[in-house]
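The values are calculated or read from the model by the stated rules, or taken from the named source; none is laboratory data. None of these values were measured; they are calculated from a predicted model. Cβ: placed from backbone, ideal geometry, glycine included. Neighbour counts: every protein chain shown. Accessible surface is based on the protein model in full, side chains and every heavy atom, while ligands, DNA and RNA are left aside. Shrake-Rupley method; radii C 1.70, N 1.55, O 1.52, S 1.80 Å.
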Amino acid sequence: RSLRRGIADVAVVTDSVETPSAGTVVGGWEREWGLVVGDDVAVDGLADLVGDVAVATLDDQWGLGASYRDALARLATARDESVAAVSDAVAAVETAGLESPARRVADGRADVGVGLQTTAEAVGQAFVPLGTERVDVVVAADRVEKDGVRRLIEALDERGLGAPTDTD
């Protein structure tokens with residue numbers, strides 16, 4: 001939104017969010033997302049969340065939150081149930097911030113959290129992969145030549161993240 005309104009120079013978006021048409025993709029990467037699992041919690045996949053498991057999630061403004069909702073929808077379809085029925089059967093609490101679900105698991109306030117593999121490792125918890133997300137760095141088309149934007153593009157290039165990959 002901020003990119004389209006001309007407020008931001010750069011936006012970072014996931015494949016679960018539409019790439020802004022007002023921008024140019026200048027870099028990106030893939031990240032593994034899934035479930036951050038607490039100690040002594042028996043969860044091997046999304047289906048295990050249905051029941052008596054406290055799950056920390058994110059809202060849909062975050063790519064991970066949208067990916068989680070999409071995965072729940074696929075689970076509902078596979079079970080021939082409504083998305084609402086499956087969602088209602090999961091004892092979920094939405095949190096704020098990307099690392100918050102994993103921290104809730106690490107400090108015992110949740111059994112499972114939606115998160116990234118790297119975050120699970122950082123908080124010392126087990127991880128059950130559910131998929132990968134594409135993350136793109138998008139620059140407002142009219143700001144590509146700004147000094148700060150050029151430095152960002154150079155930094156992405158130096159780290160091997162500057163050339164967007166074609167995922168088709």
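List of remarks:
- Placing unit charges on the Cβ atoms only, positive for Lys and Arg and negative for Asp and Glu, gives the chain a dipole magnitude near 580 debye about its Cα centre.
- Beta bridge orientation in the chain: antiparallel %, DSSP, nearest 5: 75
- A simple rule links phi to the HN-Hα coupling: the Karplus curve 6.51 cos²θ - 1.76 cosθ + 1.60 with θ = phi - 60°, which for region 146-157 gives 5, 3, x, 5, 4, 5, 4, 4, 4, 5, 4, 4 Hz, with x for Gly and Pro.
- A cut-off of 5 Å between modelled amide H atoms, ignoring neighbours fewer than 5 places along the same chain, links residue 27 with 137.
- Amide H contacts of residue 131: 33, each under 5 Å away and 5 or more positions distant or on a separate chain (H built 1.01 Å from N in the peptide plane; Pro and chain starts excluded).
- Residue range of the chain that is longest and free of trypsin sites (Lys or Arg not before Pro) which are both DSSP loop and sparsely packed (at most 10 other C-beta within 10 Å): 6-158
- Sparsely packed loop sites in region 125-155 (the GluC sites (Glu not before Pro) outside DSSP H, G, I, E and B with at most 15 other Cβ atoms within 10 Å) comprise 145.
- Extension gain (nm, one decimal) between residue 149 and residue 107, 0.36 nm per residue minus Cα-Cα: 11.3 nm
- Close amide H pairs (under 5 Å, H built 1.01 Å from N) link residue 93 with 55, 56, 57, residues at least 5 positions away or on another chain.
- Of the solvent-accessible surface of the chain, computed with a 1.4 Å probe over protein heavy atoms with every protein chain present, carbon and sulfur atoms account for 46 percent.
- Mean sequence separation of contacting Cα pairs (under 8 Å, at least six apart), scaled by the length of the chain, corresponds to a relative contact order of 40 percent.
- Square roots of 5 times each gyration tensor eigenvalue, C-alpha, region 28-168, largest first, Å: 32, 18, 13
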